[in-house]
1. So if I average 1/r over every pair of distinct C-alpha atoms in segment 29-225 and take the inverse, what Kirkwood radius in Å does that give?
2. May I ask for the angle, rounded to the nearest 10°, between helix 392-413 and the longest principal axis of the chain, with both axes built from Cα atoms and the value confined to 0 to 90°?
3. Please compute the volume of the convex hull spanned by the alpha-carbon atoms of segment 124-222 and report it per residue in Å³.
4. With every protein chain kept in place and ligands, DNA and RNA left out, what is the accessible area per residue of segment 29-225? Probe 1.4 Å, answer in Å².
5. Taking the Cα atoms of segment 242-287 alone, what are Rg (to one decimal) and Dmax (as a whole number) in Å?
6. Principal axis lengths of the chain from Cα atoms, whole Å, largest first?
7. Between residue 513 and residue 157, what FRET efficiency follows from the Cβ-Cβ distance if R0 is 60 Å, with the result rounded to 0.05?
8. For the pairs 220/522; 99/523; 190/395; 190/215; 298/325; 99/157, note any where the Cα-Cα span goes beyond 31 Å.
Amino acid sequence: MSEKDHPLSDNVSKHNIPYGEHPVEIDNGHPPGLFVLFFTEMWERFSYYGMRALFVLFLTSSLVKGGWAWERDEALRLYGIYTGLVYLTPIVGGFIADKFLGYRMAIIIGALLMTLGHASMAVETEFFFYVGLGLIILGNGLFKPNISSMVGQLYTKNPAKKDAAYTIFYMGINSGAFLGILLCGYIGEKVGWSYGFGLAGIFMFFGMLQFAFSKNLFGKIGLGPKHILNNDASVKAAEKEAEEPANVVRDRIIVISVLAFFTIFFWMAFEQAGGSMTIFANDYTNRVLEGSSATIFKWVNALLVVVPMLILTYVLWNLFRQTYKKIPISNLFLGSSFLIIWGIIIWMLNKEFSADATEVPASWFQILNSFFIISLAPIFSKIWESKLNPSGPVKFALGLFLLGIGFGILAYGGLSIPQGAKTASVSMVWLILAYLFHTLGELCVSPVGLSYVSKLSPARLVGLMFGIWFIANFVANYLAGLTGSFIDHITEQYSITIFFLIFTAMPIVAGLIMLALNGTLKKKMHGIH
């Protein structure tokens, strides 16, 4: 699940005492504050990806089905503009938090704006639809860069655990995406678009309240600059002491810029998930199941839903056990939101098991990415902490290769679709395998990118470095929508296989170039692995 957040640089000295008095530690080396941020981000991603799952489907659905009957290319272009701007506004949001609001207040205001945005979209008029998009874009700008910055601050004394911490955090991100796509997508397609959009906003609101009442765990982490920089002279001294020589800073900035450039090729292809791959699921994939196939799907779907929820509930219980005295109100909101989610899941599964025929929602396939991440993230976290841990450029190259293989599988699955066909009925297996390989690639790129930018950025240039990072993501997401909008043209002129082969070749070539640059980039990291 594509996520390019803004972790704070860890280049604050270990002697930074004001930051050291904040986080409450626990036995496994990860503070409970990490899991508060885990769940806060989970609900934000629930809202974002829940709405994104419905975005293109709503716009392209017929008027009879309650949609707006837009052409595919129009919907995909708007999708590209929206997802692009979502990754542009964090540049401003990060600056505002750094200089004025602090991370905590920026997160709360951003969450409130996004709540209002989802509520606005639930009205389903053109005016409120665009107002809602605007509010979500602005709110995301304040929320996205700053919650991951707080994760970075939790590990200023223990940077060795940062890759593992961001992979755990990434699991939270994708748990939210999983639940959002599953529940908002199901309710939007099966019950009504307004209900799907509205549900996204409800849990964004719960996430905001849960975070707002958890301040006892964070001490001075995330406070505004007046509370830290002006009152704690030792922070300034620590940052000055930690400053690297100019040539080292320059080289590391070059590495960040190169990694940011190559993320364009990754996310430009990966973000077809919400665009052309959703269209492939909706129009070219056999989603009507009967007999034993329907029964098997119902049980598989139930396991896909229940197992991750049990894991998340276990994480929730551990957090409650450690923090019930410190943040009781926060835990109350978090526990209430889980009870509501369990209720919706039980209702949904009961409805599906009672139905005679089964039609898999087109949005359902997007949950596979999140499910695979929830399942595989702990394995990758262990690998990155072991002796098998490769360099950052090698991880990026592996991610690009795996992404290309996923699109190659889709290209092969589309061989039976005639040139120019608007509909078809190919097996669901191809999409399932594609999402598996895309997820393996994502785990090699996205959380690793978060960690490397965090480790390589000098403290005084954090905002600028993540500005570069988010500009790359803005370009990638815009290009994803733009290139996806050519699906009809390429399918009519050639075939859908040719369309997906383009996204096969592009990341593989980029991965080969990244491998060739590995030695040079490792030298320019100056000891950071």
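1. Hydrodynamic radius (Kirkwood, Cα pairs) of segment 29-225 is 17.0 Å.
2. Approximately 10 degrees, to the nearest 10.
3. Dividing the Cα hull volume of segment 124-222 by its residues yields 104 Å³.
4. Values: 5550 Å² over 197 residues.
Ligands and nucleic acids excluded, the result is 28 Å² per residue.
5. Expressed in Å, the Cα Rg and Dmax of segment 242-287 come to 19.2, 59.
6. Largest to smallest, the principal-axis extents are 66, 52, 44 Å.
7. 0.95
8. 220/522; 99/523; 190/395; 190/215; 298/325
The values are calculated or read from the model by the stated rules, or taken from the named source; none is laboratory data. Computed from a prediction, not measured in an experiment: that's the story for all the values here. Neighbour counts run over all protein chains shown; Cβ positions are idealised from the backbone, glycine included. Side chains are part of the model used for accessible areas, which takes the heavy atoms of the whole protein and leaves out ligands, DNA and RNA. Shrake-Rupley method; radii C 1.70, N 1.55, O 1.52, S 1.80 Å.
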